[in-house]
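Student: For reference, the structure I am asking about is given below.
The values are calculated or read from the model by the stated rules, or taken from the named source; none is laboratory data. Being a predicted model, the structure only gives us computed values, none of them experimental. Heads up, the Cβs are rebuilt from the backbone with ideal geometry, glycines too, and the neighbour counts pull from every protein chain shown.
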Amino acid sequence: MWIEVFKTGLHTSSNGKSINYTNEDLLKIATNYNQRIQLEPTSKAPLVKGHPESNAPAYGWIDQLASRGDFLLAKVKDLTNDIINDIKDKKFQKVSISLTNDLNLRHIGLLGAAAPAVEGLKPIEFTMNLDNFEILSDIELNNESTANQETENNSYNYSELIDENTFMKNQIRDYQKVIQQKDFEEFTANLIKNNCISQNYSKHTMDLLELCSQIDEVTNNKFDTLNKAKAYLNKLTSSNLKTEFAKPTDALNFDKTEYSLAMGNNREKLHNQITRIMNENENLTYEQALKSILQ
């Protein structure tokens, strides 16, 4: 059944830190926890005595959290016989929760004489039918059947919330991909404009940027690969490009008759050999092909 475990307002933790908790904070605590245990059912927070560092021993488990107005409610299940007797004997009527800095529930502690950090919560009580050993808070009606009905009516369909949250995350991820693709295109266009790379290398540059982005995503940006790649590419200048007196296509189309008259028949044979090498390797310049013959 449900019990009150926390509420909005300014609260001071055991280490003396005061924080003002809002309704949005309570909703985040509940959402974080319910999503966590749906993905990892074995990660349920324990019901403990006090606030042990080790979260043990457990006297029960928190099956679900819910934000209702200014209060945070917890559904407690699987209580041990010892803790049932202690609560029945009113040894534990107050509770206190333990949260991480990012609003994740660690445990819920049962308090005896110790004053809770959060005042104004309803004390824990059993139903009249003690054979069921079910916990009720005073916020529910006295009649057990109506109490069960109220709990059922107040139950939230968290699967719908998780589905909606997953859909929104996918939408955001797709939008970020579009923005990133546009950024890569503009970055590559600027590299070409500044003579850092040639137009022929635009696709290779885009592929490199995409790969670096994927590495950063997998490694949680541990190596800052994308920004380092961009910094390197930005340092390239026109002096880094190949120096060519003629493009390979231009070299293939020059006037061989004029060339042979000027250079002689032997030079024409050399030229034919050079063009043959360039045809076999289109990345070679005329000068590089000549050097490969002379080596």
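Student: Mind checking which residues of the stretch 265-286 are under 53 Å from the mean Cα position of the chain (by Cα) and surrounded by 15 or more Cβ atoms within 10 Å (Cβ to Cβ)?
Tutor: Scanning the stretch 265-286 gives Ile277, Met278, Leu284, Thr285, Tyr286.
Student: Step by step: first the residues of the stretch 45-95, then only those that are modelled with pLDDT of 85 or more and touching a Ser or Thr at 6+ places or on another chain (Cβ under 6 Å), then the one that is farthest from Glu4 (Cα to Cα). Which residue is that?
Tutor: Only one residue fits best here, namely Tyr59.
Student: Also, I was wondering about something else. Those residues that are surrounded by 13 or more Cβ atoms within 10 Å (Cβ to Cβ), assigned to a helix (DSSP H, G or I) and either modelled with pLDDT of 50 or more or within 40 Å of the chain's Cα centre (by Cα) (or both), I need them from the stretch 213-260; list them, please.
Tutor: Ser213, Ile215, Asp216, Thr225, Leu226, Ala229, Lys230, Leu233, Asn234
Student: Can you spot a residue in the stretch 112-131 that is at pLDDT below 80, assigned to a helix (DSSP H, G or I) and not β-branched (Val, Ile, Thr)?
Tutor: Yes, the stretch 112-131 contains a residue that is at pLDDT below 80, assigned to a helix (DSSP H, G or I) and not β-branched (Val, Ile, Thr).
Student: Among (1) at positive phi; (2) hydrophobic (A, V, I, L, M, F, W, C); (3) surrounded by 18 or more Cβ atoms within 10 Å (Cβ to Cβ), where does Ile62 come up short?
Tutor: Of (1) at positive phi; (2) hydrophobic (A, V, I, L, M, F, W, C); (3) surrounded by 18 or more Cβ atoms within 10 Å (Cβ to Cβ), only one is false for Ile62: (1).
Student: Could you grab me the full set of residues in the stretch 50-65 that are more than 27 Å from the chain's Cα centre (by Cα) and among the aliphatic types (A, V, I, L, M)?
Tutor: Correct list: Ala56, Ala58.
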